[in-house]
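Structure first, commentary second.
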Amino acid sequence: MRRVVITGMGAVTPLGHDVDQVYRRILNGDCAIEPISSFDTSDYRVKLAAEVRDLNMDEYFSPRELKFNDRYTQFARIASKIALTHAKLDTDVINKDRFGVIMSTGIGGIGSFEKAMESMITNGVTRVSPFFIPMTLVNLAAGIVAIDHQAMGECSCVVTGCAAGTSSIGEAFRRIKHGEQDIMIAGASEASITPLGVGGFMAMRALSESTDKQRASIPFDIDRSGFVMGEGAGSLIIEDLQHALNRNAEIFAEIVGYGSACDAYHMTAPSEDGAGIVKAMNIALQEANISSSEIGYINAHGTSTPLNDKTEAMAIRQVFKSHSVAVSSTKSHMGHLLGACGAVETIICVKALLTGWLPPTIHLENQDPQCDIHVLTRATRKEDIQYAMCNNLGFGGHNVSLIVKKWR
């Protein structure tokens, strides 16, 4: 089996578009949640979201290149371009048949879907854009990222709801570990802060209706009432260790464990005993060949919904038992990026390994007794951790856990 390392990272987030800047803002306790600006919310009970702002797309692609891409595809392309630059990877000298892409999403091009439907209703079916289908398909971000960089190996899109980003990294890890690919671009993207996207989650009563940005996304707080929608993308360059060493690449972390398990319980709710995420964490620990006591930090799924936080906390207690592992949810800073959250949160785990500074969960005032875990709050903590874990759960009963190791 081959060892697998991370040699590049790129992100487009509500907190910024430079990985180092994003992490500094998290450590500073910054919050990107603001009133929704992309559409009129007069008829909506939900008023807040974490939108990507101040992104100069012209720095990365020409307007013509991005014209027929949905916003989620634009984010994926930009994050991947940033990651490849970060990796200092010359794609002209590698074996492109062993260079692949797994770029995922939870929902895909919902914004383009809405615009096409509006055009058809207003102007008739003949006015539907011929680009409507490719702009909305969930696999098109992966395909276009592959075209951008001539990645001719495996090209795939793992759709596991809000676990999609972590799934894509885990699946890329496995492809390289088992010798199928040498390098992969892995990550996920989402852009669902749209009238229909927000309206749909609002109808489910899944979103916070607070108008106070400091009390809207409050994971593990007894007063939590739903998640705040975010948007963005995370992309990582995943590489065979020997391949990375041969090209003198800078290595940021090693991926050592990946677990995936299904609840087979409910369309949207996690199983009440947390069995699925317990199983996913245990599978990841087993593959990493470490005990739970060696994990120094967990970036929890921590959505700020009543059921998720309670269930995930119960699962963490079950796996880690007496070990008081440090936990935080960075969704308190930038909302829930849906399918993209795991990709960005894996990058956050890598930054925690690199810097030794563990990120806080902001705005947590009254921790729910049913969430009896060691949640880091406003004060960041400096600790030389060796392993970090990223957990994510998705509608449909998907549970995914990924473990990254400090590179020495």
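Can you list the residues, at least 5 places off or on another chain, whose amide H is less than 5 Å from the amide H of GLY8, using H built in the peptide plane?
So GLY8 has HN proximity to ILE237.
Segment 148-255: D in µm²/s via Stokes-Einstein (Kirkwood Rh, Cα pairs, 10 °C, 1.306 mPa s)?
Roughly 95 µm²/s, to the nearest whole number.
Rank the residues HIS243, HIS336, HIS363 as a footprinting-exposure proxy: fewest other Cβ atoms within 10 Å of their Cβ go first.
Ordered from fewest to most neighbouring Cβ atoms within 10 Å, HIS243, HIS336, HIS363 come out as HIS243, HIS363, HIS336.
To one decimal place, what orientation-averaged projected area in nm² is obtained for the convex hull of the Cα set of segment 259-406?
Here the figure is 7.7 nm², rounded to one decimal.
So if I take the centroid of the Cα atoms in segment 219-287 and the same for segment 310-381, what is the distance between those two points in Å?
Centre-to-centre distance over Cα atoms comes out at 12 Å.
Under 1.5 on a/c is rounded, so check that first for segment 1-135, then, if it is not, pick prolate when a/b is larger than b/c and oblate when it is not; a ≥ b ≥ c are the square roots of the alpha carbon gyration tensor eigenvalues.
The shape class here is oblate.
Rounded, prolate or oblate: which fits segment 4-246, taking a ≥ b ≥ c as square roots of the Cα gyration tensor eigenvalues, rounded meaning a/c under 1.5, else prolate when a/b beats b/c?
It comes out oblate by the Cα gyration axes.
Report ³J(HN,Hα) in whole Hz for each residue of segment 388-397, in order, from the Karplus equation J = 6.51 cos²θ - 1.76 cosθ + 1.60 where θ = phi - 60°; Gly and Pro get x.
Rounded to whole hertz, the list is 10, 10, 10, 10, 8, 10, x, 3, x, x.
Hey, what's the Cα Rg ratio for segment 197-255 versus the globular rule of thumb, 2.2 N^0.38 Å?
So the Cα radius of gyration is 1.91 times the expected 2.2 N^0.38 Å.
Taking H as built 1.01 Å from N, whose amide H comes closer than 5 Å to the amide H of GLN181, not counting residues under 5 places away?
So GLN181 has HN proximity to ILE176.
What is the diffusion coefficient of segment 241-327 in µm²/s, taking the Kirkwood radius over Cα pairs and the Stokes-Einstein relation at 20 °C with a viscosity of 1.002 mPa s?
Taking Rh from Cα pairs, D becomes 146 µm²/s.
Where the centre of each part is set by its Cα atoms, how far does segment 127-188 sit from segment 4-66, in angstrom?
Between the Cα centre of segment 127-188 and that of segment 4-66, the gap is 21 Å.
Can you give the convex hull volume of the alpha carbon atoms of the chain per residue, in Å³?
128 Å³
For every other residue with a beta carbon closer than 14 angstrom to the beta carbon of THR377, add +1 if it is Lys or Arg and -1 if Asp or Glu, then tell me the sum.
Computed value for this residue: -1.
Among 171-183, 120-132, what's the highest-first ranking by average C-beta atoms within 10 angstrom per residue?
Highest mean packing first, the order is 171-183, 120-132.
For the residue pair TRP407 and ASP20, what label-to-label distance in nm results when each label sits 7 Å from Cα along the Cα-to-beta-carbon direction?
Between TRP407 and ASP20, the label points sit 1.6 nm apart.
Using only DSSP helix segments of four residues or longer, with each worth -39500 (n - 2.57), what per-residue ellipticity at 222 nm results for the chain after dividing by its residue count and rounding to 500?
The per-residue figure over the chain is -10000 deg cm²/dmol.
For a quick check: with amide H placed at 1.01 Å from N, whose amide H comes under 5 Å from VAL101's, ignoring anything fewer than 5 positions away on the same chain?
Under 5 Å from the amide H of VAL101: GLU154, CYS155, SER156, ILE185.
Here, each number is a calculation from the coordinates, and none is a lab measurement. For clarity, every value in this text was computed on a predicted model and none was experimentally measured. So basically every Cβ, Gly included, is an ideal-geometry build from the backbone, and we count neighbours across all protein chains shown.
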